[in-house]
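The values are calculated or read from the model by the stated rules, or taken from the named source; none is laboratory data. Because the structure is a prediction, the values reported are computed rather than measured. We place every Cβ from the backbone using ideal geometry, glycine too, and count neighbours over all the protein chains shown. When the accessible area is computed, the model is the full protein with side chains, heavy atoms only, and any ligands, DNA or RNA have been set aside. Shrake-Rupley method; radii C 1.70, N 1.55, O 1.52, S 1.80 Å.
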Amino acid sequence: ISFPGGSEYARFDVPGQGISCLALNPDGTHLFAGCRDGYLHTWSIRDRRKISMNKGHPDWIRLLGVNKGGTCLMSAGREGTVKLRSIPELDLLSTIHGPGTGIHCLSSTPGGNLLACGTDGGILRVWNTQSGTLAYCHNLFTGRIECIAVNPSGTMVACVDAQGRISLWELQSG
């Protein structure tokens, strides 16, 4: 990345079908890339070197996210599963089997206990990441949920569709 008056800090190359999503952990020590071929790449930013490359999903990794504590990497595959991995080791903690349709967006509560996902079918799903169980499921829109956000206190989730309709949900009661 170059900025006027600045210089590129590091450059990382990824062979294969190309990067589809990126995530940084909160302390800025690790960079994660999800690829269309299902591979997950991890770099140490401080050391400017690749740490690992492993098969994260059967094919296209659509989304990556890191919980606010920087302890868990969340990846959503085109096949509709979400995988939770420890940071920096990327050991698989759990797999959440989603709706069988693509997950278009995701966000977690600050502690990472709840994971909210928006799907191509306009459905909001909220999972308990500790148990892997579905906490809430709401059919919000006829099209897909375009983006999703959880507030910093982890009590509310906001979803929006392509027509600009926003739906707010209180997470404790669903």
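Just a few scattered comments:
- Single unsatisfied condition, A116 versus (1) more than 23 Å from V160 (Cα to Cα); (2) outside any loop (DSSP other than H, G, I, E, B): (1)
- Taking the listed residues T71, T81, the one that is under 19 Å from D27 (Cα atoms), out of contact with any Leu (no Cβ under 6 Å at 6 or more places or on another chain), surrounded by fewer than 20 Cβ atoms within 10 Å (Cβ to Cβ) and of a type in the set (V, I, T) is T71, with no other qualifying.
- Qualifying residue in the range 88-101 (condition: farther than 18 Å from V126 by Cα, open to solvent by less than 40 Å² (accessible area, probe 1.4 Å) and not aliphatic (A, V, I, L, M)): no
- The range 163-173 - residue that is exposed (fewer than 11 other Cβ atoms within 10 Å of the Cβ) and modelled with pLDDT under 90 and, of those, farthest from K68 (Cα to Cα): Q163
- Candidate set from the range 126-137 (those that are open to solvent by less than 40 Å² (accessible area, probe 1.4 Å) and of a type outside the set (V, I, T)); member that is farthest from K55 (Cα to Cα): W127
- Count of the range 110-125 residues which are open to solvent by less than 10 Å² (accessible area, probe 1.4 Å) and either among the charged types (D, E, K, R) or closer than 21 Å to A23 by Cα (or both): 5
- The residue that is nearest to D120 (Cα to Cα), among those in the range 49-83 that are touching a Phe, Trp or Tyr at 6+ places or on another chain (Cβ under 8 Å) and not in a strand (DSSP E or B), is R78.
- Test: residue in the range 87-96 that is under 14 Å from I145 (Cα atoms) and assigned to a loop (DSSP other than H, G, I, E, B): no
- The single condition from (1) surrounded by fewer than 17 Cβ atoms within 10 Å (Cβ to Cβ); (2) not in a loop (DSSP other than H, G, I, E, B) that Q17 fails is (2).
- Any hit, the range 29-43, residues being open to solvent by 90 Å² or more (accessible area, probe 1.4 Å) and either within 22 Å of Q130 (Cβ to Cβ) or modelled with pLDDT under 90 (or both): no
- For the range 44-68, the set of residues classified as basic (K, R) and surrounded by fewer than 19 Cβ atoms within 10 Å (Cβ to Cβ) consists of R46, R48, R49, K50, K55, K68, listed by residue number.
- The range 142-162, subset at pLDDT below 85 and under 20 Å from R78 (Cβ atoms), residue least open to solvent (accessible area, probe 1.4 Å): G143
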